[in-house]
1. For the subset of segment B:19-30 comprising residues that are closer than 13 Å to B:G518 by Cβ and within 11 Å of ligand 2 (Cβ to nearest atom), which member is nearest to the chain's Cα centre (by Cα)?
2. Out of the residues in segment B:84-99 that are within 17 Å of B:V147 (Cα to Cα) and more than 10 Å from chain A (Cβ to nearest Cβ), state the one that is surrounded by the fewest Cβ atoms within 10 Å (Cβ to Cβ).
3. Of the numbered conditions (1) touching a residue at least 12 places away in the same chain (Cβ under 8 Å); (2) away from ligand 2 (no atom under 15 Å from the Cβ), B:H84 satisfies every one except a single condition; which is it?
4. Return a yes/no flag: does segment B:208-222 have any residue that is under 25 Å from B:I114 (Cβ atoms), surrounded by 15 or more Cβ atoms within 10 Å (Cβ to Cβ), of a type in the set (F, W, Y) and out of contact with any Asp or Glu (no Cβ under 9 Å at 6 or more places or on another chain).
5. Quick check on my filter: what residues within segment B:362-396 are within 16 Å of ligand 2 (Cβ to nearest atom), in a helix (DSSP H, G or I) and not charged (D, E, K, R)?
6. Which condition number does B:Y263 fail, the rest of (1) surrounded by 14 or more Cβ atoms within 10 Å (Cβ to Cβ); (2) more than 14 Å from chain A (Cβ to nearest Cβ); (3) among the aromatic types (F, W, Y) being met?
7. Residues being touching a residue at least 24 places away in the same chain (Cβ under 8 Å), within 23 Å of B:A96 (Cβ to Cβ) and out of contact with any Phe, Trp or Tyr (no Cβ under 8 Å at 6 or more places or on another chain): count how many of those fall in segment B:163-183.
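Rule-based calculations on the coordinates, nothing more; no lab input. Worth saying up front: this structure is predicted, and the values here are computed from it rather than measured. All Cβ positions, glycine included, derive from the backbone under ideal geometry; neighbour counts span all protein chains shown.
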Amino acid sequence: MTLDEMKPGQECRILKVNIGGATGQRLLDMGFIPGTKVRVIRNAPLVDPVEFNVRGYHVSLRHSEAKGVEVELQ
Amino acid sequence: MKKASEEKTVVAVAGQPNSGKSTIFNLLTGARQHVANYPGVTVEKKTGSYRFKGERFELVDLPGTYSLTSYSLEERIARDFLLHEKPALVVDIVDASNLERNLYLTFQLSEMGIPLVIDLNMMDIAERRGLEIDVEELSRRLGAKVVPTVGNRGKGKKELYEAIRETSKDKTRFTPIHIDYGKSIEPILNELEQKLSEDKNLSSHYQPRWLAIKLMENDSEVRKLIDKHSEKGNILSLLKSKRDWFISQYGDAPEKVIAERRYLTASGIAEATVKRKKEVLWTLSDRIDQIVCHRFSGPVILAVIIYLLYKLSIGYGWKLTNYTWPLLASFRDLIASVLPAEGFIHDPFLRAMPLWVINGIIAVLNYVPIFLILFTLIAILEDTGYMARMAFILDRIFRYFGLHGQSTLPLILGGVYVGGCAIPGVMACRGIKCERSRMATIMTVPLMNCMAKVPLYVLLISIFFAEHKGFAMFFIATITIIIALSVAKILNLTVLRKREMAPFVMEMPAYHLPTVQGVLRRCLERTWLFVRKVITIIIAVAIIVYFLISFPGLSKERDAYYGNQASEIRQIFFKEIGDENPYAGTLSGAGFEEFSIYWDDYKKAGIAAKGDEEKEAIDKKFRERNPEFFKIVKSEDKEAAKVNRAYKKLERKRKQLRMEKREETIQGSLLGRTGYFMEPFTRFAGFNWRVNIALLSSFAAKESSVATLGSIYQTEEIGEEKMLEERIKEKEKGWNPLHALAIMLFMAMYPPCIPTLIMVRLEAGSTKWMLFAGIYPIVLGLMFAILVFTGGNLLGLSGLQAMIAFYILAIAVTTVMGLIKRKPKME
Ligand SMILES: Nc1nc2c(ncn2[C@@H]2O[C@H](COP(=O)(O)OP(=O)(O)OP(=O)(O)O)[C@@H](O)[C@H]2O)c(=O)[nH]1
Ligand SMILES: [Mg+2]
C-alpha cells in the first residue's frame with residue numbers, strides 16, 4: 001500500500017520511494033528512506049495535505065506526493 | 001566603504017530551514033548588515049561583518065536548504081555560492097533537536113571540502129526533549145569543531161567566534177567526512193574520481209570525489225559544469241554507462257542509494273552521540289497543534305487571527321496615523337513656508353511642483369505606522385511557526401487554482417476582505433517555495449481590495465446603492481478574491497505554464513516563542529526596505545505625473561483671460577469697500593498680498609486651535625502681528641466688517657477662478673486629452689471623460705481618485721465629502737447604478753499603485769512582469785465594466801440585478817477554473 005492510504009494514528013514502515021525527479025529527491029532528502037518509520041498525525045481540515053512524523057520531526061505532504069511512497073503497516 | 005585593502009575572511013552561514021541561521025547571523029554581526037538579492041533572482045542575500053581579535057570576518061547568510069541538489073532555486077544558490085565564491089569557511093547551523101536530518105546536509109557541505117564549523121543550535125529545545133548530546137564525540141566523528149548554542153538567547157556566542165577564528169587560521173582542524181556509500185557504488189565513485197582527478201582544469205577547482213558523487217546523483221548542474229570545464233568529453237559518457245549499469249543491476253537509481261547511505265551514517269552518528277534521558281512522546285507543540293490544526297477549531301482560529309491582523313494593523317494603525325499625520329503635515333507646511341508664496345490665481349512652478357512631490361511622499365509615508373504594526377505581527381506569526389499551519393489548513397483550496405498554501409498570507413495582507421495593502425502582500429510572496437505559485441500570487445495580490453480603493457467604493461455605494469449598502473459592500477469585498485482565483489488559474493495555464501514547480505513537502509516546525517529583538521529587527525528591516533525603495537521612485541513618478549497633468553498648459557489667450565478675471569475680482573473688491581474706507585490704504589499695493597497671507601494664516605491657526613485659551617493666545621499673537629489686519633478679520637468696526645465681507649466674497653470668487661483654471665489646465669493637459677480621447681471607447685463602460693481623468697490620475701495614488709473626482713466636480717467653496725456626493729448627483733444627472741457598478745468594478749481591478757509595482761518588479765525579478773502586472777488589470781477592469789454597463793443596459797437590469805448577475809457569473813467561472821486539471825505532474 002502507499003502512504004496516502006494511511007489513516008491518522010496509523011504507523012508504517014517505508015518500503016520504497018517510487019517517484020523520482022524533484023519530488024522524489026525532496027522526499028529522500030527529508031528522510032523518507034526505506035526502513036524508516038512514519039506515523040500519520042492528522043489530515044488538514046480539508047483532508048489534503050496530511051501531516052506525518054518522520055525521524056522525530058513533522059512534515060506535511062499532499063496526497064499526490066504521498067502516493068509515491070510505498071509502505072507496509074506496522 | 002572602509003579600508004578596502006583590509007584582509008577579510010568570508011564565512012558562509014548554511015543550514016536547514018528554521019535551524020536558526022538568521023538568528024545566529026544576527027547574533028554574530030549585530031547591526032552591521034547589508035541586505036540585497038542574489039544576482040538575477042529574488043532570494044535575499046544578507047551580508048554582515050564583525051571584528052574579532054583584530055580580524056575582520058564577513059558573513060553571508062545562505063538560504064535555508066535541506067539538501068544541496070539542483071532541484072530548487074535556494075539549493076542552487078547556496079551551492080553556487082559555496083562553489084564559486086569560495087568562502088574560507090562555512091558555519092553549518094545544525095538543529096540539535098533534529099540531529100539526523102540536519103546531519104544529512106552537514107555531510108554534503110563537508111564533502112564539498114570547505115572547512116566547516118558546526119553550530120549545534122537549539123540546545124535548549126534538545127534538552128527539553130530529553131536529549132543529551134556528546135559534543136566531543138560528535139566533533140570527532142564529523143571532523144570539525146562543534147559549538148553548542150542557544151541562538152535566541154545569545155548563548156555560545158564567544159565560543160562560536162573563537163571556533164570560527166581558529167578553524168579559519170588552522171585548516172587542519174577540519175577533515176572532510178568520508179561517507180561509505182556501500183559496495184555497490186564505491187567502486188564506481190572511485191573510478192569516476194580517478195578520471196576527474198586526471199582532469200587538471202576540473203580538479204583544481206572542485207573536489208573530485210564531490211563531483212563524482214553529484215554525477216552519480218545525476219545532478220544536472222554538475223553535468224553542465226563538467227561539460228563546460230572538462231578537457232575530455234568522455235567523463236559524461238562513462239557516467240552514463242555506469243549509471244545505466246547500476247540501474248539494471250540493482251533496480252534502483254543511484255541517488256536513492258546515496259541518500260539512504262547518508263541517512264544510515266547520520267543515524268549511526270546520532271545513535272553514538274545522543275542519549276535519550278526521557279521519552280517525550282507528546283511535546284507542547286503537538287498539543288498546540290491538536291487545537292490549531294483541528295478540523296473545526298483550526299479554521300476558526302485562522303479566521304480569528306486574520307481578523308486580529310486586520311483589526312490591529314489597519315484598524316489601530318489608522319488611528320495611529322491620526323497622530324503621525326499632523327507631523328507629516330507640519331513637515332509639508334514647513335517646506336511650503338520656505339517655498340515661493342502662493343499666487344493670487346496662479347502658483348509659481350517652484351511652489352506647485354515641490355509641493356506636489358511632497359504630497360505624494362507623505363501620502364505614502366502616512367502608511368508607515370500601519371506597516372510597522374503589520375510587519376511586527378507578521379514577524380511574530382513567522383517566528384512562532386504558525387505560517388506553516390496556515391498553509392497546511394488552506395493549501396487544498398488554493399491548490400485548485402494553481403496557488404499554494406503559502407499564498408494565504410500575501411492574499412490576506414493584500415486585502416482579501418476590504419482594507420489591505422498590496423505592498424506588504426507582494427513582499428510576503430518571498431516565502432512561497434513553489435516558483436509557479438509564487439509568481440501567480442505576486443500577480444494576483446494587487447487585485448485584492450487595498451485601503452486606497454475603499455473611499456471610492458464608499459462614495460459610490462452611498463450614492464447609488466444606498467438601500468443595499470450591506471450587500472453592495474459584501475459584493476465588492478468578496479468579488480475580488482473570486483476573480484483573483486480565476487486569474488491565478490489562467491496565469492498558471494498560460495504565461496506561467498513553464499515555470500518551475502516545487503513539490504509540497506512542508507516541514508511543520510515546532511512552535512517557538514518569538515523574541516522581542518528578533519521581531520523588531522525584522523519589522524524595521526521590512527519597513528525600511530519599503531521606505532527606501534518607494535520614496536526614491538515616488539519622487540520620479542510624481543514629477544512625471546505632474547507634467548502629465550499640467551502640460552502643455554493654457555493658451556496665451558486663456559491665460560490672459562484668467563489674468564483679466566483676477567484683476568477684475570480685485571477691482572470689484574476695492575470698489576465695494578470704497579475709496580473713503582480707512583482700511584483701503586493698508587490694503588493697496590503690497591499690503592494686499594500681505595493681507596491675503598495674514599488671512600490664510602489666521603484661518604489655519606483658528607482651525608488648529610483647541611479650547612478657548614488657545615484661541616485667545618492666537619488672537620493676541622495676530623493682533624500684535626498687525627493690529628489693522630486684525631480688526632478686519634475680526635470685523636471690529638463697521639468699516640472693517642465691510643472689508644471683511646468684501647474680502648470673503650473675493651476669496652470665494654478667487655477660489656472658483658483657481659478651480660476653473662485648474663480644471664481647464666487638466667482638461668487640456670496630456671492626461672486630460674487622453675481622457676477625452678478615450679471617451680468614445682470607455683462610453684461602453686459608462687465612463688465619461690471626467691471619470692476617465694479621475695481614473696487615469698489615480699494611477700499615481702488610488703486614494704486620490706476621490707480627491708480628483710472632488711476637484712473635477714468641485715463647484716464653489718471647497719466642500720465636505722457629503723457635498724461631493726451631492727455634486728456628483730447634480731452634474732451626472734444621467735447616471736444610474738450601472739455607471740457606479742462599472743466604475744467600482746474597474747476600481748476593484750485597478751492596476752497596482754507605483755509603490756506596489758516597484759515591489760512587483762523586485763519580487764518577480766523583471767520589468768516585463770512589472771508591466772504585465774500593470775496592464776492586465778486594466779484590460780480585465782475594462783472588460784468587466786463594459787460587461788456590466790453595456791450588458792446591463794441591453795438586458796435592462798437594475799444596478800442590484802447586474803451586481804447579482806455578475807457575482808453568479810464570477811462564481812461560476814471560478815468554479816469551472818478550479819475544476820480544470822493541471823497538466824499531469826512532472827514525473
Ligand atoms: N528555542 C530556541 N529557538 C531558537 C534558537 N535559535 C533560533 N531560534 C528561533 O527559531 C526560529 C527560526 O530562526 P531563524 O533564525 O529565523 O531560522 P533560519 O534558519 O534563518 O530560517 P530560514 O531563514 O527560514 O531558513 C526563530 O523563531 C528563532 O527565534 C535556539 O537556540 N533556541
Ligand atoms: Mg533565515
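1. By that ranking, first place goes to B:S22.
2. Filtering first and then ranking leaves B:L89.
3. (1)
4. No, segment B:208-222 contains no residue that is under 25 Å from B:I114 (Cβ atoms), surrounded by 15 or more Cβ atoms within 10 Å (Cβ to Cβ), of a type in the set (F, W, Y) and out of contact with any Asp or Glu (no Cβ under 9 Å at 6 or more places or on another chain).
5. Correct list: B:F375, B:I378, B:A379, B:I380, B:L381, B:T384, B:M387, B:A388.
6. (2)
7. Total meeting the criteria: 5.
Each row is one residue, and each column tells you yes or no for (1) buried (at least 20 other Cβ atoms within 10 Å of the Cβ); (2) under 10 Å from the mean Cα position of the chain (by Cα); (3) in contact (Cβ under 8 Å) with a residue 60 or more places away in the chain; (4) more than 7 Å from chain B (Cβ to nearest Cβ).
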| site | (1), (2), (3), (4) |
| --- | --- |
| A:Q25 | yes, no, no, no |
| A:F32 | yes, yes, no, yes |
| A:V38 | yes, yes, no, yes |
| A:H58 | yes, no, no, no |
| A:L61 | yes, yes, no, no |
